[in-house]
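Since the structure comes first, as C-alpha cells, the remarks are kept for the end.
The values are calculated or read from the model by the stated rules, or taken from the named source; none is laboratory data. These figures come from a predicted structure and were not determined experimentally. Here the Cβ is made from the backbone with ideal geometry for all residues, glycine too, and neighbour counts use every protein chain on show. Keep in mind that these areas ignore ligands, DNA and RNA; they rest on the heavy atoms of the full protein, side chains included. Shrake-Rupley method; radii C 1.70, N 1.55, O 1.52, S 1.80 Å.
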Amino acid sequence: MSLRERRQSLIEQADLQGDAFCRAYSDAADSWLTGLFDAATDGSARGLALVAVGGYGRGELCPFSDLDVVLVHRGRRDVSGIADRIWYPVWDQGIHLDHSVRRPNEVLKVASDDLRTALGLLDARVVCGDAKVAEPLIAHARDRWVQQKTPWLNDLSERVSERHAAHGDVAFLLEPDLKEAHGGLRDVAALGALVLAVPELADHVDSAAVARSQAVLTRVRVELQRRSSHELNRLLLQEQDQVAAALGEADADTLMLSVAEAGRTIAWEGDGAWRRRRHWDKYTTFGRGRRRGGARGA
C-alpha cells in the first residue's frame, strides 16, 4: 500500500484524532520510507541513514504535513542513485518532501549558518539505516545548540517576534493561524528549543499546561486538514462549525473558546520564558564581567 493510500485510510478513521493521528501517520511514513530505503540499497545500509527532522522527527505529522528528511552518508559513491530511488516515489505520491543528501560534517556546517536547519536537528531521529552514521551527528548538533545558544537564541527571538507581528494572536483572532500565530504550535517548538539551550528555565515553565494546549491545537489542526484535504492551518470561519461538530464540541463558539484558551496558555508560558531568558542573559553577562574585572584587579 502506498503512503498516500495509508494516509487516506487514516483520514477516513474519524475517531483517530489529534496526537493519535499524528503518531499513526508518522509511523506509517516510517514504515513506507523504510521499505523504499531497503529496496534502494538492496539491503546494504552500511554508512547510510535516513533521518527525520523537524515536525516529522517529533512524530507530529498532520494529514498534509511535509516530510522533512536528510539522507546522511559516510562517503558512499552510490548515494545519488539511492536518493533518487527514495525521492521519486515520494514525489509520485504527491507527498510534499523537504530533503537533502549530506555527509555528517556537511549537515553540521549548514546548521552552523542556518537557524532552520539547526532547529530541525534538535528533533532529529533515525528512521532507518546505519544508526552509527546519524546518532553521533544528532548528539553533536544538540550539543552545539547548547554551547552556541546566545547568537542562536537572539536570532530565534527576533524571528518569533516577526512571526507574531505578521500573524497576530491565536487567542484574539476570528480566524487564527494555529501554527504560526502568537500562541500557536510554532511557539511550542520554539519554547522547546529555548529550554533545551537554557535548562534553568524549565522550572519556570508549566510544561503540563503547554502540552495540554498543544494537544488542543493539534486536534483542531488535524481535523481542519482532514476536512479541507490540503495543508490548511488557518481556522477559517466557514470551517469552524464543521470542525466543532467533528470534534464533539457544542458549537463553533465553544470550539473557539477552547482554541483561545490554548493560545493564551502557550503565549503566556512562551513569553514568560523569553523574558526570563533576557534577564538570565543580563545576570550571567554581568556576573562574567565582574569576575573578569576582579581577576584583572587582583
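Do any strands (runs of 3 or more DSSP E) lying entirely in the stretch 48-108 carry at least 3 residues that are surrounded by fewer than 17 Cβ atoms within 10 Å (Cβ to Cβ) and of a type in the set (Gly, Ala, Ser), and which ones are they? So that I can check it myself, show each step before the final result.
Working: elements: 48-52, 67-73, 97-102.
Once the strands (runs of 3 or more DSSP E) in the stretch 48-108 are filtered for at least 3 residues that are surrounded by fewer than 17 Cβ atoms within 10 Å (Cβ to Cβ) and of a type in the set (Gly, Ala, Ser), nothing remains.
Quick one: which residue in Ala211, Ala250 is in a loop (DSSP other than H, G, I, E, B), open to solvent by 40 Å² or more (accessible area, probe 1.4 Å), over 23 Å from Leu115 (Cβ atoms) and among the small types (Gly, Ala, Ser)? Don't jump to the end; show me each part of the working.
Values: Ala211 fails: in a loop (DSSP other than H, G, I, E, B).
That would be Ala250, the only listed residue that is in a loop (DSSP other than H, G, I, E, B), open to solvent by 40 Å² or more (accessible area, probe 1.4 Å), over 23 Å from Leu115 (Cβ atoms) and among the small types (Gly, Ala, Ser).
If I ask for residues that are within 17 Å of Arg219 (Cβ to Cβ) and either β-branched (Val, Ile, Thr) or under 17 Å from the mean Cα position of the chain (by Cα) (or both), which ones from the stretch 154-185 would you list?
Scanning the stretch 154-185 gives Val170, Asp177, Leu178, Lys179, Ala181, Gly183, Gly184, Leu185.
Among Arg221, Arg234, Arg212, which is the only one that is within 15 Å of Leu178 (Cα to Cα), at pLDDT 95 or above, touching a strand residue (DSSP E or B) at 6+ places or on another chain (Cβ under 7 Å) and of a type in the set (D, E, K, R)?
Values: Arg221 fails: touching a strand residue (DSSP E or B) at 6+ places or on another chain (Cβ under 7 Å); Arg212 fails: touching a strand residue (DSSP E or B) at 6+ places or on another chain (Cβ under 7 Å).
Result: Arg234 is the single residue among Arg221, Arg234, Arg212 that is within 15 Å of Leu178 (Cα to Cα), at pLDDT 95 or above, touching a strand residue (DSSP E or B) at 6+ places or on another chain (Cβ under 7 Å) and of a type in the set (D, E, K, R).
Limited to the stretch 90-135, what total is found for residues that are charged (D, E, K, R) and farther than 30 Å from Gln8 by Cα? So that I can check it myself, show each step before the final result.
Filtering the stretch 90-135 for residues charged (D, E, K, R) gives 92, 98, 102-103, 106, 109, 113-114, 116, 123, 125, 130, 132, 135.
So of that shortlist, the ones also farther than 30 Å from Gln8 by Cα come out as 102-103, 106, 109, 113-114, 130, 132, 135.
Counting residues in the stretch 90-135 that are charged (D, E, K, R) and farther than 30 Å from Gln8 by Cα gives 9.
For the stretch 214-242, which residues satisfy the criterion of being more than 17 Å from Ala20 (Cβ to Cβ) and part of a helix (DSSP H, G or I)?
Within the stretch 214-242, the first condition is being more than 17 Å from Ala20 (Cβ to Cβ), and the residues that meet it are 227-242.
Passing the criteria: Arg227, Ser228, Leu237, Gln238, Glu239, Gln240, Asp241, Gln242.
How many of the residues in the stretch 1-46 are outside any helix (DSSP H, G or I), open to solvent by less than 40 Å² (accessible area, probe 1.4 Å) and farther than 13 Å from Val126 by Cα?
The initial filter retains those residues of the stretch 1-46 that are outside any helix (DSSP H, G or I), namely 1-2, 12-17, 42-46.
Filter again for open to solvent by less than 40 Å² (accessible area, probe 1.4 Å), leaving 2, 16, 45.
If we keep only those that are farther than 13 Å from Val126 by Cα too, we end up with 2, 16.
The number of residues fulfilling the criteria is 2.
Using the structure shown, decide if Leu236 is in contact (Cβ under 8 Å) with a residue 40 or more places away in the chain, under 23 Å from His164 (Cβ atoms) and surrounded by fewer than 21 Cβ atoms within 10 Å (Cβ to Cβ).
Yes: the conditions hold for Leu236.
Kindly indicate whether Gly192 is among the small types (Gly, Ala, Ser), at positive phi and open to solvent by 10 Å² or more (accessible area, probe 1.4 Å). Let's see the steps before the verdict.
Values: among the small types (Gly, Ala, Ser): yes; at positive phi: no; open to solvent by 10 Å² or more (accessible area, probe 1.4 Å): yes.
No, not satisfied.
Anything in the stretch 159-185 that is open to solvent by 20 Å² or more (accessible area, probe 1.4 Å) and under 13 Å from Asp271 (Cα atoms)? List them, or say none.
Ser161, His164, Asp169, His182
Can you find even one residue in the stretch 138-151 that is under 24 Å from Leu33 (Cα atoms) and open to solvent by less than 40 Å² (accessible area, probe 1.4 Å)? Give the steps one after another, and end with the answer.
At the first step, the residues of the stretch 138-151 found to be under 24 Å from Leu33 (Cα atoms) are 138-139, 141.
If we keep only those that are open to solvent by less than 40 Å² (accessible area, probe 1.4 Å) as well, we get 138, 141.
Yes, there is a match, as at least one residue in the stretch 138-151 is under 24 Å from Leu33 (Cα atoms) and open to solvent by less than 40 Å² (accessible area, probe 1.4 Å).
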